[in-house]
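J.: Before anything else, here's the structure in question.
The values are calculated or read from the model by the stated rules, or taken from the named source; none is laboratory data. Just so it is clear, the structure is predicted and the values come from calculations on it, not from any experiment. Every residue, glycine among them, receives a Cβ derived from its backbone with ideal geometry; neighbour counts consider all protein chains shown. Protein only, heavy atoms only, side chains kept; ligands, DNA and RNA dropped before computing areas. Shrake-Rupley method; radii C 1.70, N 1.55, O 1.52, S 1.80 Å.
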Amino acid sequence: MKVHQIQVGNMQNFSYIVEDEDTGESIIIDPSWDLIELEMIIKKNNLKIKYIVNTHHHFDHTLGNEAMMESTKAPIIQHENSELKHDITVKDGDFIEFGNSKLKVLHTPGHSQDSICLVGDGKIFSGDTLFVGNCGRIDLPGGSAKDLYHSLFDILYNLDEKLVMYSGHNYGSSEISTLGQEKITNHVMQKRTEQQFLDMMG
């Protein structure tokens, strides 16, 4: 599984093309701005886009959905809690398969009610649930510090520490990290009680 990480727009967003190297079948994660860059990678590598996947519904992760759908003919996948237009609904524990690759869907609400992470082949695409050195904000509609606490500590904290993390924004000291590194260095991943986490998040 090959990851093409593309920083787009002025909000330091990451869009991803995840390629099954055996077949060239691929998915796009969170298309928003600078779609020509995604198109160039698709063309240069002769990729067949099977799905467009959104880690959550916020506009800076979905703005390019319609254009990329028109260009690639690929259906849009979102979590069942999303109220945006999409073609395929997924829930916690589902798999998104492309070529000989697959990513498991983890429902990780907190930043939004439809936030998901995608895990497979030693990688985690964490959207805005977890960044390098921080986490997604919880003050937007549907955000919840309590939900985020349980997503971070009941779900992500227990995953393989070797997972290479690809997040939704380039907000940290590096473009990628590992879950193990984040457990050591990221202040939001330090073990604390739910109340302590709520107090910290304000």
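J.: Residue check, residue 33 against (1) in contact with a Ser or Thr (Cβ under 9 Å, 6 or more places away or on another chain); (2) under 21 Å from residue 106 (Cα atoms); (3) crowded, with 18+ Cβ neighbours inside 10 Å, all met but one. Which one?
T.: (2)
J.: Do we find a residue being of a type in the set (Lys, Arg), out of contact with any helix residue (DSSP H, G or I) (no Cβ under 9 Å at 6 or more places or on another chain) and open to solvent by less than 70 Å² (accessible area, probe 1.4 Å) anywhere in the range 69-76?
T.: No; the residues of the range 69-76 include none that is of a type in the set (Lys, Arg), out of contact with any helix residue (DSSP H, G or I) (no Cβ under 9 Å at 6 or more places or on another chain) and open to solvent by less than 70 Å² (accessible area, probe 1.4 Å).
J.: Can you name the residue in the range 130-186 that is part of a loop (DSSP other than H, G, I, E, B) and open to solvent by less than 10 Å² (accessible area, probe 1.4 Å) and, of all such residues, is farthest from residue 81 (Cα to Cα)?
T.: Among them, the one singled out is 186.
J.: With the requirement that a residue be open to solvent by 10 Å² or more (accessible area, probe 1.4 Å) and farther than 17 Å from residue 117 by Cβ, what does the range 45-59 give you?
T.: Once the filter is applied, which keeps residues that are open to solvent by 10 Å² or more (accessible area, probe 1.4 Å) and farther than 17 Å from residue 117 by Cβ, the range 45-59 yields 45, 46, 47, 48, 50, 59.
J.: Now, a different point. Could you please tell me which pairs satisfy a Cβ distance under 6 Å, a separation of 6+ or placement on different chains, a first residue in the range 85-104 that is free of Cβ contacts under 8 Å to residues at least 40 places away in the same chain, and a second residue that is charged (D, E, K, R)?
T.: 89/80; 91/80; 95/102; 95/104
J.: Among the residues of the range 111-128, which ones are under 14 Å from residue 157 (Cα atoms) and of a type in the set (Val, Ile, Thr)?
T.: Of everything in the range 111-128, those that are under 14 Å from residue 157 (Cα atoms) and of a type in the set (Val, Ile, Thr) turn out to be 119, 124.
J.: Sticking with this structure for a sec: Under the condition of being out of contact with any Ser or Thr (no Cβ under 8 Å at 6 or more places or on another chain) and open to solvent by 10 Å² or more (accessible area, probe 1.4 Å), which residue from the range 8-21 is farthest from residue 127 (Cα to Cα)?
T.: 21
J.: Please go through the range 168-198 and pick out each residue that is of a type in the set (A, V, I, L, M) and either at pLDDT below 95 or farther than 18 Å from residue 137 by Cα (or both).
T.: 176, 179, 184
J.: If you don't mind, another one. Criterion first (assigned to a loop (DSSP other than H, G, I, E, B), open to solvent by 10 Å² or more (accessible area, probe 1.4 Å) and touching a strand residue (DSSP E or B) at 6+ places or on another chain (Cβ under 7 Å)) does residue 92 satisfy it?
T.: For residue 92, the condition - assigned to a loop (DSSP other than H, G, I, E, B), open to solvent by 10 Å² or more (accessible area, probe 1.4 Å) and touching a strand residue (DSSP E or B) at 6+ places or on another chain (Cβ under 7 Å) - is met.
J.: Further question: Just checking, how many residues over the range 43-75 are closer than 11 Å to residue 30 by Cβ, outside any helix (DSSP H, G or I) and among the β-branched types (Val, Ile, Thr)?
T.: Residues in the range 43-75 being closer than 11 Å to residue 30 by Cβ, outside any helix (DSSP H, G or I) and among the β-branched types (Val, Ile, Thr): 3 in total.
J.: Can you tell me which residue is farthest from residue 153 (Cα to Cα) among those in the range 95-110 that are open to solvent by 10 Å² or more (accessible area, probe 1.4 Å) and within 15 Å of the chain's Cα centre (by Cα)?
T.: Applying the filter and picking the extreme gives 102.
J.: Moving on to the next point. Under 7 Å between Cβ atoms, which residue pairs at least 6 apart in sequence (or on different chains) link something in the range 190-202 that is open to solvent by less than 60 Å² (accessible area, probe 1.4 Å) with a partner that is in a loop (DSSP other than H, G, I, E, B) and modelled with pLDDT of 95 or more?
T.: Pairs found: 201/138.
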